[in-house]
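Please read the structure below before turning to the comments.
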Amino acid sequence: MKEKELIDKTEKIIEEYNSNTADDKTSFNIFTILREEDEEVMLHSRFIYELLNPRGSHIMKQKYLSLFLNVLENKAGTPLPHFLDEHLLTATVYRERFNIDLLIYLPDGYTMIIENKIYAYDQQSQLDRYFNTVVNQCRRDENKIFIVYLTLDGHEPTEQSKGKLKHDIYQISYASEIDHWLEMCCDESTKYPNLYETVMQYKRLVCQLSGKIDCEDGGMMSEIANLILMDKESLESAININGALNIAKSRVILQLFKALESEMRKAGYKKISSDEMELEAIENYYNAKEIIWQRYLVKSYSGNYEFCFAFEIDDRLYYYFAFTTKGECEIIEKADIGKLHPQIYKKCLNAIRKAHNIENIKRAASGSLIWDYIYDSSGKDYNFKRFSENCIELYGNIYSEAKRICEELTPIIRRVESEL
């Protein structure tokens, strides 16, 4: 069977690659040592800010910013305003100003808003709010504003995020535009070994994060690609395997959610979300941008709403507390609950603070009062979109891991309940 032969040969390549990783000079990466690879604010926005800043510590002045504008212009397909290099020296770059990831004041009154999204949710009217903030509070010309939406794969912002915004949005990706920009930054930095190596390490991190393989490095994926292209039969077998791969990964998620439901039922929590919707989302997860969720009743209120706890997978596995409609189990916006039932909203919010022993909730969304990632026993999150290594390891111990997860989270749910 050709597929079995291809899998066996691929396994040998992976084994050989893994055994040599310790001796690979590119395996050391200061960014992954100091930070989680997908930290938007503390890693990616901070480093990109430093490169774009003409007064950054990189000593390249306006060069990296100029290269970034060139990449953006090529992506747009239409000319951007031409800025002389000496004028770009006067550009001012802000990080987290008015909660905007990156805000750049360019020459001649132009402004660039960069929204950096790796795995975080789009917030309600987020881009619309940023645009209005720059116009009204920063007093910038609305006709001279560029909005850049940066994601791993270059997908569009949601309608929820755009709100009433009618302005053009430049969609760029880490996999393409940022990778290309970093390549040019490296080319310009060859005279400065420390700078070159730092930017190159970040470029490798971006390649890893976005799933892009640089075949020029002759890495594991390049070798596997060569194996697939050995002959027509190998290519056909690889296509067959790839067609079944998403089905296999979806089955892992299905087993996990069944195991979580079993453990939650043992703990006394009733699932209020639909089995049919859950199954449909799991089946379509890798073919479309589906979000998988499983919601449990914490407290029911008179009227058409309930307070619930939920497991959810967008890219990664996480949990949250939110208000939902009875029966349909649809998320209700926090702002709506706050207006209609302010005392109940405040009580639930305080219960969450006490249960988590925190004053300030750092992770929340327009619908959730709090959310956080669910980590494995070594402290790493589960990324099902990329199917991270711990997702593969999960397959062998789904039920024990579901039990561990619920044993960690059910005490939090009970503490919330006790305060309501």
I want to verify a result. In a Gaussian network model of the chain, Cα cutoff 10 Å, which of these has the top mean-square fluctuation: 52, 340, 245? 340
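Per DSSP H run of at least 4 residues, take -39500 (n - 2.57); add these up for the chain, divide by its residues and hand me the 222 nm value, nearest 500 deg cm²/dmol.
Details: 16 runs with 196 residues, N = 420.
Mean residue ellipticity, 222 nm, calculated: -14500 deg cm²/dmol.
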Can you list the residues, at least 5 places off or on another chain, whose amide H is less than 5 Å from the amide H of residue 152, using H built in the peptide plane? 174
Separation between Cα centres of the stretch 348-392 and the stretch 47-68, rounded to whole Å: 34
Would you give the gap between the C-alpha center of the stretch 217-262 and the C-alpha center of the stretch 266-306, rounded to a whole Å? 28
Using 18 Å as the Cα-Cα cut-off, could you pick out the over-long pairs in 249/270; 63/144; 271/362; 266/326; 2/232? 249/270; 63/144; 271/362; 266/326
Report the full-extension gain for the segment residue 13 to residue 105: residue separation times 0.36 nm, less the Cα-Cα distance, to one decimal in nm. 28.2 nm
Which one, 310, 238, 175, has the greatest fluctuation when you compute a Gaussian network model over the chain with C-alpha springs under 10 angstrom? 238
Show the residues, 5+ positions off or on another chain, whose built amide H is closer than 5 Å to the amide H of residue 333. none
The stretch 40-156: C-alpha gyration tensor shape, a/c 1.5 cut-off, then a/b vs b/c: rounded
Could you give the length gained on full extension between residue 392 and residue 90, defined as 0.36 nm per residue of separation minus the Cα-Cα distance, in nm? 103.8 nm
What relative contact order, as a whole-number percentage, does the chain give when Cα pairs under 8 Å and 6 or more residues apart are counted? 11
Karplus-derived HN-Hα couplings along the stretch 312-320 (A = 6.51, B = -1.76, C = 1.60, θ = phi - 60°), whole Hz, x at Gly and Pro: 8, 10, 9, 9, 10, 7, 8, 10, 7
Report, largest value first, the span of the C-alpha coordinates of the chain along each principal axis, in whole Å. 65, 65, 35
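Values in this text are rule-based calculations from the coordinates and carry no lab data. Nothing here was measured: the structure is a model prediction, and the numbers come from that model.
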